[in-house]
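Peer 1: Handing you a structure now.
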Amino acid sequence: MFKNQTPQQLSFFIAGISAAAMAALLLLLKAFTFLNVTWPEVLGLFVLAFAVAFVANYYLVRYFIFRRIKLIYKIIHRQKLPSEFRAGNLDMTKNVLDDVEREVGEWAAKQESELEELERLATYRRRFIGDVSHELKTPIFNVQGFIHTLLDGALYDSNVNLQYLQRAAKNIERLQMIVEDLETINKLEAGQMILDLQEFDLHDLTDEVYADLEMRAHERNIRLTYKEGANQRFRIRADKESIRQVLMNLVHNSIKYGKEGGLTKISFYDMETYVLVEISDNGIGITPEHLSHVFDRFYRVDKHRSREAGGTGLGLSIVKHIIEAHKQTINVRSSVGSGSTFGFTLEKA
């Protein structure tokens with residue numbers, strides 16, 4: 001009954017009941033005690049009682065509601081309330097309690113969302129620290145082992161000293177790669193990497209990437225090619241060196257995980273204001289349980305093969321951040337035994 005009543009309506013209702021009760025009392029007194037009260041006087045007393053009861057209830061209800069609302073707002077807003085927040089400014093013609101209920105609900109939902117986000121970040125931080133420690137531990141352990149072996153006398157053994165130094169140097173280079181990739185991701189996530197947007201020919205850039213990776217592809221007898229019909233020229237607007245890094249990483253991965261004697265193929269698709277770029281291979285493919293994690297930091301589908309090939313496990317994460325920094329999207333689809341396709345969009349110039 002009172003669920004949707006405004007404070008003002010509630011005051012009217014209480015005042016009406018109070019005045020009616022007083023009028024009924026007068027009528028009873030008149031009936032049983034022969035009180036000399038006329039009907040106009042009863043009506044006048046009813047009106048007076050109604051007015052007094054309404055004013056009293058109006059201010060009491062407003063003050064009571066205001067005190068409750070003020071306490072609630074102090075909790076949910078976590079800050080000093082503005083000076084204009086006074087009982088006299090409370091709009092009694094509106095259902096203010098519904099507004100408070102709605103705001104409390106929004107606050108509770110926001111708190112729950114923040115707690116979930118904090119838990120997610122804490123889990124991510126724990127996993128990230130564990131991943132970094134694991135990735136750094138291997139090359140540090142290797143360098144330590146080679147150096148201590150040399151210090152223990154192998155330095156003067158011409159059969160192994162140069163070999164151990166070369167292996168130590170290789171692991172130090174791996175450490176440097178991990179640190180540089182972490183620094184790149186940190187800049188991208190913090191928005192500190194300023195993109196040098198310029199217009200350039202996408203096909204020309206892809207030719208340059210193919211030329212840089214030609215020797216690596218030749219080692220595994222993998223052919224670098226374009227999909228039929230992908231010879232059209234697209235001028236795009238992007239950070240050229242960042243997109244070069246994206247293409248280098250994706251093509252290099254297709255060579256690394258491609259089938260011996262297979263091929264890597266790049267396709268371009270016209271999407272009016274955008275160009276869809278796809279890099280495909282006919283390699284080992286990615287299982288469904290791994291597919292949703294390929295862009296995670298340090299995530300490797302084939303851990304042994306990735307480390308043997310010298311990867312840091314950060315390449316695809318960097319690729320994703322670069323594409324997202326361009327306000328574009330990247331995705332992957334794959335079939336085990338048939339290969340994988342990475343696709344991303346770029347804005348036309």
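Read the figures in this text as sums done on the coordinates, not as results from a lab. These figures come from a predicted structure and were not determined experimentally. In this analysis, Cβ positions are derived from the backbone assuming ideal geometry, glycine residues included, and neighbour counts consider all displayed protein chains.
Peer 1: Can you work out ³J(HN,Hα) from phi for every residue in the stretch 240-245, in order, using Karplus 6.51 cos²θ - 1.76 cosθ + 1.60 and θ = phi - 60°, giving whole Hz and x for Gly and Pro?
Peer 2: Couplings: 4, 5, 5, 5, 4, 4 Hz.
Peer 1: Sticking with this structure for a sec: In the stretch 129-190, how does Rg compare with the Kirkwood Rh, expressed as the Rg/Rh ratio over alpha carbon atoms?
Peer 2: Ratio value, two decimals: 1.15.
Peer 1: Moving on. How would you rank V294, V277, going from fewest to most other Cβ atoms within 10 Å of each one's own Cβ?
Peer 2: V294, V277
Peer 1: Same structure again: Sorted by average packing, counted as other Cβ atoms within 10 angstrom per residue and highest first, what order do 208-219, 240-251, 170-181 take?
Peer 2: 240-251, 170-181, 208-219
Peer 1: Same structure again: Could you sort 265-274, 148-157 so that the peptide with the highest average Cβ count within 10 Å comes first and the rest follow in order?
Peer 2: With the highest mean Cβ count within 10 Å placed first, the list reads 265-274, 148-157.
Peer 1: Same structure again: For G283, what residues show an amide H to amide H distance below 5 Å, using hydrogens built from the backbone and excluding near sequence neighbours?
Peer 2: Those lying under 5 Å, H to H, from G283 are K259, G339, S340.
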